[in-house]
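*Asks:* Take this structure first; my questions come after.
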Amino acid sequence: MAPGKIQQLAEARAAAALLVRELPGLSLTALATRLRREVSALSRAARLRAKAADDPMMTALFSAIAGYDGKNVQMSKLTL
């Protein structure tokens, strides 16, 4: 796999981890299991991603879920 693709996957996992960490009813442990990654690695990636608060990708992601009510996101619906 090309290095650029690997970086994109890592960024997508970090974004997913941040969303899971911020939204009620979702589990970082479940995400780690689904992605076959260590929980600690996803947690660290989420923390680093959160520091990049001015990142346009994260702004768009959180804007897209602004109407989220805590009930209608399922792990199987996350596309990484």
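*Asks:* Is at least one residue of segment 67-80 surrounded by 10 or more Cβ atoms within 10 Å (Cβ to Cβ), at pLDDT 70 or above, in contact with a helix residue (DSSP H, G or I) (Cβ under 6 Å, 6 or more places away or on another chain) and not small (Gly, Ala, Ser)?
*Replies:* No, because not a single residue in segment 67-80 is surrounded by 10 or more Cβ atoms within 10 Å (Cβ to Cβ), at pLDDT 70 or above, in contact with a helix residue (DSSP H, G or I) (Cβ under 6 Å, 6 or more places away or on another chain) and not small (Gly, Ala, Ser).
*Asks:* Filter segment 21-49 down to the residues that are aliphatic (A, V, I, L, M) and without any contact (Cβ under 8 Å) to a residue 40 or more places away in the chain and list them by number.
*Replies:* Start the filter on segment 21-49 by keeping residues that are aliphatic (A, V, I, L, M), which leaves 23, 26, 28, 30-32, 35, 39, 41-42, 45-46, 48.
Residues satisfying the conditions are LEU28, ALA32, VAL39, ALA41, LEU42, ALA45, ALA46, LEU48.
*Asks:* Which one is surrounded by the fewest Cβ atoms within 10 Å (Cβ to Cβ), of the residues in segment 1-59 that are of a type in the set (Asp, Glu) and outside any helix (DSSP H, G or I)? Please lay out each step first, then the result.
*Replies:* Looking only at segment 1-59, we keep the residues that are of a type in the set (Asp, Glu), and these are 11, 22, 38, 54-55.
The next check asks that each one be outside any helix (DSSP H, G or I); those that pass are 38, 54-55.
On the way: GLU38: 10, ASP54: 7, ASP55: 14.
Going through the qualifying residues, I end up with ASP54.
*Asks:* Tell me yes or no: at least one residue of segment 36-47 is closer than 20 Å to ALA64 by Cα and not basic (Lys, Arg).
*Replies:* First, the residues of segment 36-47 that are closer than 20 Å to ALA64 by Cα: 46.
Retained after the next criterion (residues that are not basic (Lys, Arg)): 46.
The answer is yes; a qualifying residue exists.
The values are calculated or read from the model by the stated rules, or taken from the named source; none is laboratory data. Owing to the predicted nature of the structure, the values given are computational and were not obtained by experimental measurement. Virtual Cβ from ideal backbone geometry, glycine too; neighbours counted across all protein chains shown.
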